[in-house]
Amino acid sequence: MQAGLTAGDYLGKWTKKNLNCVYDLFFAVELPTLVDINKKRAGGTRTGFEKICGAIPDSKYKIIDKTNGGSDPVENIRRQVTDNLTANPGAHAVLGSSPFSDGDAIAFTKAFDTAGRGTDLKAILPQGAEEVGHSYIRSDARWIGSVGYFPERYGVLVIPAAIKLAQGKKVAKEILTVHEVVDLGNIDRIYPIKK
C-alpha cells in the first residue's frame, strides 16, 4: 500500500502545483485480476492523490485494464487509451497512473503520441523505476517520476533475516524496502548512467 500512497501523494502534489488540481481525466492502468495487489497499488495511488486534490469523480477516473482484450497487455493498454481519447476529444489535461510497471507506462505514453494527443498527457507516474523507464524519466517531462521498488536492495534486507531464521530467531512477518519516487532530481544519484 505504501508504494501506491507514495505515488498518489507525489502525483497529487505535482497536479496541485502545476494544474491547481484541475484536470479532465485520470487514467489508471490496473490489473483487477490481482485484487489485493491492485487495491494496494492502484487504490493506494488514488487515495494518496485524493488527499491532495480531493475526490476524483467517477466520470473522470478511467480504468485501463491491461488484461482486457487478450494476452498482450501492451496492445490492451494501447487500445483502451486510444478508445478513451477518441471518446473524450475535449480532454486536454490528462493524468496517468501505471502502478504495475514502467513498461506499461511506456505503452500508455506511446498511445497518446500515436493518437496525436501527446500534449494532452500532462503527467504520468508509474511504479517500479525499472531500467526500461529511466530514459523517460530523464528526457520526457510528462514522466514526473516512478516509485522505486529497488529489488537490488532486497539482499541487504532478506539475507540477515534468513540468517536469523537459520539461527531459530524470529523475524518480522514482512520485510519491506522503503519506497521513494525516482525523478529527474535524484535519478542520476540512484541509478547513474552506465558508461
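The values are calculated or read from the model by the stated rules, or taken from the named source; none is laboratory data. What you see is a predicted model; the values in this text were computed from it and never measured. For neighbour counting, all protein chains shown are included, and Cβ atoms are generated from backbone atoms with ideal geometry for every residue, glycine included.
Observations, loosely collected:
- Every residue from the range 108-134 that is part of a helix (DSSP H, G or I) and either over 22 Å from D24 (Cβ atoms) or not acidic (D, E) (or both): F108, T109, K110, A111, F112, T114, G118, T119, E131, V132, G133, H134
- Per-region count, the range 1-58, residues among the β-branched types (V, I, T) and in a helix (DSSP H, G or I): 7
- Checked against the criteria, I56 does not count as at pLDDT 95 or above and under 12 Å from the mean Cα position of the chain (by Cα).
- Close contacts from the range 1-24, counting a first residue that is over 16 Å from L184 (Cα atoms) and touching a residue at least 60 places away in the same chain (Cβ under 8 Å) and a second that is of a type in the set (D, E) and assigned to a helix (DSSP H, G or I), with Cβ to Cβ under 9 Å and a gap of 6+ residues or different chains, come to G8/E50; D24/D120.
- Matching option when the condition is modelled with pLDDT under 95, hydrophobic (A, V, I, L, M, F, W, C) and over 20 Å from F27 (Cβ atoms), among I159, I175: I175
- Filter result (surrounded by 14 or more Cβ atoms within 10 Å (Cβ to Cβ) and touching a residue at least 60 places away in the same chain (Cβ under 8 Å)) within the range 162-182: H179, E180, V181
Conditions tested, residue by residue: (1) of a type in the set (V, I, T); (2) out of contact with any Asp or Glu (no Cβ under 9 Å at 6 or more places or on another chain); (3) closer than 20 Å to L5 by Cβ.
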site	(1), (2), (3)
P89	no, yes, no
G96	no, yes, yes
D102	no, no, yes
K169	no, yes, no
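- Inside the range 161-182, residues that are out of contact with any Ser or Thr (no Cβ under 8 Å at 6 or more places or on another chain) and part of a loop (DSSP other than H, G, I, E, B) make up a count of 12.
- First in the range 35-61 and over 16 Å from G4 (Cα atoms), second anywhere and of a type in the set (S, T, Y) and surrounded by 13 or more Cβ atoms within 10 Å (Cβ to Cβ), Cβ under 8 Å, 6 or more apart: K60/Y23
- Top-ranked residue in the range 29-53 [being closer than 20 Å to D102 by Cβ and basic (K, R); ranked as nearest to the chain's Cα centre (by Cα)]: R41
- Residues that are part of a helix (DSSP H, G or I), polar (S, T, N, Q) and surrounded by 18 or more Cβ atoms within 10 Å (Cβ to Cβ) do not occur anywhere in the range 99-107.
- Hey, S71 among the hydroxyl-bearing types (S, T, Y) and under 22 Å from R138 (Cβ atoms) or not: no
- The number of residues in the range 64-92 that are surrounded by fewer than 16 Cβ atoms within 10 Å (Cβ to Cβ), free of Cβ contacts under 8 Å to residues at least 60 places away in the same chain and outside any helix (DSSP H, G or I) comes to 7.
- The combined condition, being in a helix (DSSP H, G or I), over 22 Å from G103 (Cα atoms) and either without any contact (Cβ under 8 Å) to a residue 60 or more places away in the chain or out of contact with any His (no Cβ under 7 Å at 6 or more places or on another chain) (or both), is fulfilled by V158.
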